[in-house]
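Here's a structure for you.
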Amino acid sequence: MKKSTIVIIILDILVVIGFFLTYGPVTYFRNLLVNNIALFKNKNKNILFVSSIDNNLLVKDQTQLSPYVEYKLNNLYYRDMPLTFATVNTMSKVAYLFKDIEVNFPLIVMNGAAIYHMDTDKYEDVFNMNIKSTKYIDTVLSEFNVNAFKYSIEDNLLNCFYEKLNNEAEIHFYNECKIEKFDNLIRIDIPLNK
């Protein structure tokens, strides 16, 4: 028996004991019956389920996964559930969030800007904006004196460029990234669209 299987069995036993002691035997057995009834025994492996990480799985100000969610996600992995995740976050933050989660499909990161494989630590696909769109966005943002944090992925390395920090929100974002060492933050003295 694999070590991971033993860990799941032990966690199952601890969850059962905790639930049994908290809610009593009737509630426990009713929930056990409901949670383990499967009308369809044949699994369709041709369906890939995609779950958003943001606002769905995260707790405590959207900064971490609960132990219960970690347990359930690993349980789905060991049951061969075809499941992947999509997020607005960069891969470095997702790697921090998913440090104890097994994932067998590539992740959709940065709102679909990249596809990332956690098992190989490589970006499979990177979708770049065209230069015309980038220049237009930079022009509109500069009219409103708004700084943009601009990401680029080169040679499997994620970089974050910025020109200046204009307000508290930008400073907060910068400090959060720097403290948690999520991204390579690079200050530039000239606008990127020049």
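Every read-out reported here was derived from the displayed coordinates using simple, explicitly stated rules and does not represent laboratory data. A quick note: this is a predicted structure, and the numbers were derived from the prediction, not measured. Quick reminder, even Gly has a Cβ in these numbers, built from the backbone with ideal geometry, and neighbours come from all protein chains shown.
What is the spin-label model distance, in nm, from Phe49 to Ser92 if the labels are put 7 Å beyond Cα along the C-beta direction?
3.2
A further question on this structure: At 7 Å along Cα-to-Cβ for each site, give me the label-to-label distance between Phe161 and Asn145 in nm.
It is 2.4 nm.
Let me ask another. Ser51's amide H: which non-local residues (gap 5+, or another chain) put their own amide H closer than 5 Å, with H modeled 1.01 Å from N in plane and none for Pro or chain starts?
Those qualifying (amide H under 5 Å, at least 5 residues apart or on another chain) are Thr84, Phe85, Ala86.
Still on this structure, please answer the following. Sticking with the crude label model, points 7 Å out along Cα→Cβ, report the distance from Ile171 to Val69 in nm, one decimal please.
Roughly 3.0 nm, to one decimal.
Another one. Pairs Lys99/Lys150; Lys135/Lys164; Lys150/Lys178; Lys99/Lys122: which are spaced more than 20 Å apart, C-alpha to C-alpha?
Long pairs (Cα-Cα over 20 Å): Lys99/Lys150.
Based on the mean of other Cβ atoms within 10 Å per residue, sort peptides 109-119, 144-154, 65-75 so the most packed one is first.
Result, highest mean Cβ count within 10 Å first: 109-119, 65-75, 144-154.
So how do 92-98, 77-83 stack up, highest first, on mean other-Cβ count within 10 Å?
Averaged packing, sorted descending, gives the order 92-98, 77-83.
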